[in-house]
């Protein structure tokens, strides 16, 4: 084990003790203080977030509001991590007790007769919670997740992620595994809100700006004649969560496959944008979302 891994593990155990052994009235202020400290020292990602907010909202949003959103986004990240550690061993019943599901009928209809679905989400709200809710309520699924740089920490994360019939696969070579999962009748899930390379993504409009977006979900949905179901989660208090199922996005099957896929991918970007606009402080603004088209702004 490397020295860095040992440092990560020590920090993990200290943080886990904090979130599992302190009462909420003490824990929440500490978590907010930690988030403010991270915001203060993380100048690089703080600047990326500001570039993103300027691209997304321009002069239509004031500077003070943009700074408030950035601070709140750091707070959500810290609370998400704390929530994952505090509820690492929750049972399916305990997971579902903390979530209100909105528009469940969309998934029930899409999954009738045992059919799987292709569900998509974003780095929004407590996104790590979505697969557990899905597994606890609807059954097995295979989702794409980025492994952590630290092997030791990734093994701990796997314990949190791979529960209730959820299988997490790495992004590299994911398409082959997703196809195999769908052939077995397993639903699949992808996070679709991050920048991609020229070869891996197609251009769409996102907040009125050109951006690259993965077509993987649309390709899978078209091939297997399945709906793409957008799923997003929000919270107002970091205690209870609202998971909203949005109307399924069906991929057309015309003679122009590329156009069919592009139309569906744009629809995915549109619903993601609407959710972010509704409550922007819960999105992960620290990622270079528009790097493919506006790289110079991030330098």
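Some observations on this one:
- Computed from the C-beta positions of residue 65 and residue 26 and an R0 of 22 Å, the FRET efficiency is 0.15 to the nearest 0.05.
- From least to most packed, judged by other beta carbons within 10 angstrom and beginning with the fewest, 263, 43 follow the order 43, 263.
- Contour excess over end-to-end distance, with Cα ends at residue 10 and residue 209 and 0.36 nm allotted per residue: 67.4 nm
- Full extension of the segment from residue 47 to residue 197, taken as 0.36 nm per residue of separation minus the current Cα-Cα distance, would add 51.8 nm.
- Sorted fewest first by neighbouring Cβ atoms within 10 angstrom, 26, 261, 70 come out as 26, 261, 70.
- Listing 271, 143 from fewest to most neighbouring C-beta atoms within 10 Å gives 271, 143.
- Globularity index of region 15-110, i.e. its alpha-carbon radius of gyration over 2.2 N^0.38 Å: 1.40
- For region 60-205, the fraction of alpha-carbon pairs lying more than 27 Å apart is 30 percent, rounded to a whole number.
- Inverse mean reciprocal Cα-Cα distance (Kirkwood Rh) of region 44-98, Å: 13.3
- 5 Å binning of all Cα-Cα separations within region 225-298, expressed as whole percents from 0 upward: 3, 13, 17, 19, 17, 15, 11, 5, 1, 0
- Virtual spin-label span in nm between residue 91 and residue 295, 7 Å along Cα→Cβ: 5.3
- Per-residue packing, averaged as other Cβ atoms within 10 Å, sorts the ranges 102-108, 276-282, 129-135, 72-78 into the order 129-135, 72-78, 276-282, 102-108, beginning with the highest.
- Percent of Cα-Cα distances greater than 32 Å, calculated over the chain: 26
- Projecting label points 7 angstrom from Cα along Cα→Cβ for residue 146 and residue 288 puts them 1.2 nm apart.
- Region 107-245 - percent relative contact order, Cα under 8 Å, separation 6 or more: 33
- Reducing region 19-52 and region 202-237 to their Cα centroids gives an inter-centroid distance of 29 Å.
- Only helices enter the 222 nm calculation for the chain: every DSSP H run of n ≥ 4 contributes -39,500 (n - 2.57), and dividing by all residues gives -16500 deg cm²/dmol, rounded to 500.
Here, each number is a calculation from the coordinates, and none is a lab measurement. Fair warning: this is a prediction, and the values are worked out from it, not measured in the lab. With ideal geometry, Cβ positions are generated from the backbone for all residues, glycine too; neighbour counts draw on all protein chains shown.
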